[in-house]
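Asker: Got a structure for you, written out below as structure tokens; questions coming shortly.
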Amino acid sequence: MQFINDITALEALYGTPGAASIRKVARQLTPLYRKWIMASRLCVLSTVGPEGVDGSPRGDDGPVVMALDPGTLALPDWRGNNRLDSLRNIVRDPRVALMFMVPGSNNVVRVNGTARLTADADLRARFEKHGKQPATVIVIEIGEIYTQCARALMRAETWTGGDLSAELPTVGEILAEVSQGEEGGARYDCDWGARAAKTMW
């Protein structure tokens, strides 16, 4: 198998990008880009660090981010599993990418930029829900923002293909497999819902 290691060879395979794919890029939130992102309750946060890369889903029951100004987004870090993969990466390498999705739309909006982590009390308080605040907030300086072609979600029938999860293994089963039975199993799956409800925010 031969691999492509030259940009010129790569570009020869695909040709010139269309004008719209270049013109759609903005350097900060426009009114319409802001409207789209504020409708998103789910995004994927991608980071990079010394150990490699990380992609982490981030979700909320309202807008997943807050626009602090046209060039800055704030993403609360609600309690999770405390692995801190994304946060460790951001502390050491500020480069981030976000992909925002809205159920029913085959388009996504992408943001590339740089991020910093803060435990600022005033900013954390702006996200308070159910008497709880995020432990930290990721403050993202937008480098570029643009829409992504809808073909990927259309091919996957992301919102129209129905529930395809019936035959999936549970997290408890996966955990039992990789830990050789030391963790996970049916009890893990049974108890997870209650644990998640206590730490949702």
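Asker: Quick one: accessible area per residue over the stretch 17-160, 1.4 Å probe, rounded to a whole number of Å²?
Answerer: Numbers: 8200 Å² over 144 residues.
Computed with neighbouring chains in place, this is 57 Å² per residue.
Asker: Just to confirm the filter: which chymotrypsin sites (Phe, Trp or Tyr not before Pro) across the stretch 1-83 are DSSP coil and have at most 14 other Cβ within 10 angstrom of their Cβ?
Answerer: Numbers: sites: F3, Y14, Y33, W36, W78; in loops: F3, W78.
Hits after loop and neighbour filter: F3.
Asker: Take the Cα of C149, step 7 Å along the line toward its Cβ, and report every residue of the stretch 1-45 whose backbone nitrogen sits under 17 Å from that point.
Answerer: Those under the cut-off are 10-25.
Asker: Let me ask something else. List the GluC sites (Glu not before Pro) within the stretch 132-178 that DSSP assigns to loop and that have no more than 12 neighbouring Cβ atoms inside 10 Å.
Answerer: Numbers: sites: E141, E144, E157, E167, E173, E177; in loops: E157, E167.
Here the sparse-neighbourhood loop sites are E157, E167.
Asker: What FRET efficiency would be calculated for the residue pair A119, T8, taking the C-beta separation as r and a Förster radius of 45 Å, to the nearest 0.05?
Answerer: 0.45
Asker: Still on this structure, I have one more. How fast does the stretch 67-140 diffuse by Stokes-Einstein, in µm²/s, taking the Kirkwood radius from C-alpha pairs at 10 °C and 1.306 mPa s?
Answerer: Rounded to a whole number, D works out at 117 µm²/s.
Asker: Heads up, I need the accessible area for V178: 1.4 angstrom probe, whole protein in place, Å², nearest 10.
Answerer: 110
Asker: So how much slack lies between K198 and L84, counting 0.36 nm per residue of separation and subtracting their Cα-Cα distance, in nm? Intermediate results must be reported in sequence, preceding the final value.
Answerer: Values: separation 114, 0.36 × 114 = 41.04 nm, distance 1.90 nm.
Stretched out fully, the K198 to L84 stretch lengthens by 39.1 nm.
Asker: So, with a 1.4 angstrom probe, what is the percent of accessible area on the stretch 17-160 that is carbon and sulfur?
Answerer: Numbers: 4340 of 8200 Å².
Carbon and sulfur: 53 percent of the exposed surface of the stretch 17-160.
Asker: Also, I was wondering about something else. Report the FRET efficiency, 1/(1 + (r/R0)^6), for R95 and A186, where r is their Cβ-Cβ distance and R0 is 35 Å, rounded to 0.05.
Answerer: Values: r = 41 Å, r/R0 = 1.16.
The calculated FRET efficiency here is 0.30.
Asker: Rounding to the nearest 20 debye, state how big the charge dipole of the chain is about its Cα centre with +1 on each Lys and Arg Cβ and -1 on each Asp and Glu Cβ. Could you put the intermediate results ahead of the total?
Answerer: Details: 23 positive and 24 negative charges, 178 e Å.
So the magnitude is around 860 debye.
Asker: Turning to a different aspect of this structure: Which one, (1) 10; (2) 19; (3) 31, gives percent of Cα pairs over 31 Å apart as derived from the coordinates shown?
Answerer: Label (3) holds the value from this structure.
Asker: Here is a further query. Springs between alpha-carbon pairs under 10 angstrom, Gaussian network model over the chain: which of M66, M154, M101 fluctuates most?
Answerer: Maximum among the listed residues: M154.
Asker: Using a simple spin-label model with points 7 Å from Cα along the Cα→Cβ vector, what separation in nm is obtained for R27 and T72?
Answerer: The modelled label-to-label distance comes out at 1.8 nm.
Asker: Turning to a different aspect of this structure: I'd like the distance separating the alpha-carbon centroids of the stretch 67-113 and the stretch 1-44, in whole Å.
Answerer: Answer, in whole Å: 17.
The values are calculated or read from the model by the stated rules, or taken from the named source; none is laboratory data. Computed from a predicted structure; not experimentally measured. Glycine gets a Cβ as well: all are built from the backbone with ideal geometry, and neighbour counts include every protein chain shown. Calculation scope for accessible area: heavy atoms of the full protein, side chains included, ligands and nucleic acids excluded. Shrake-Rupley method; radii C 1.70, N 1.55, O 1.52, S 1.80 Å.
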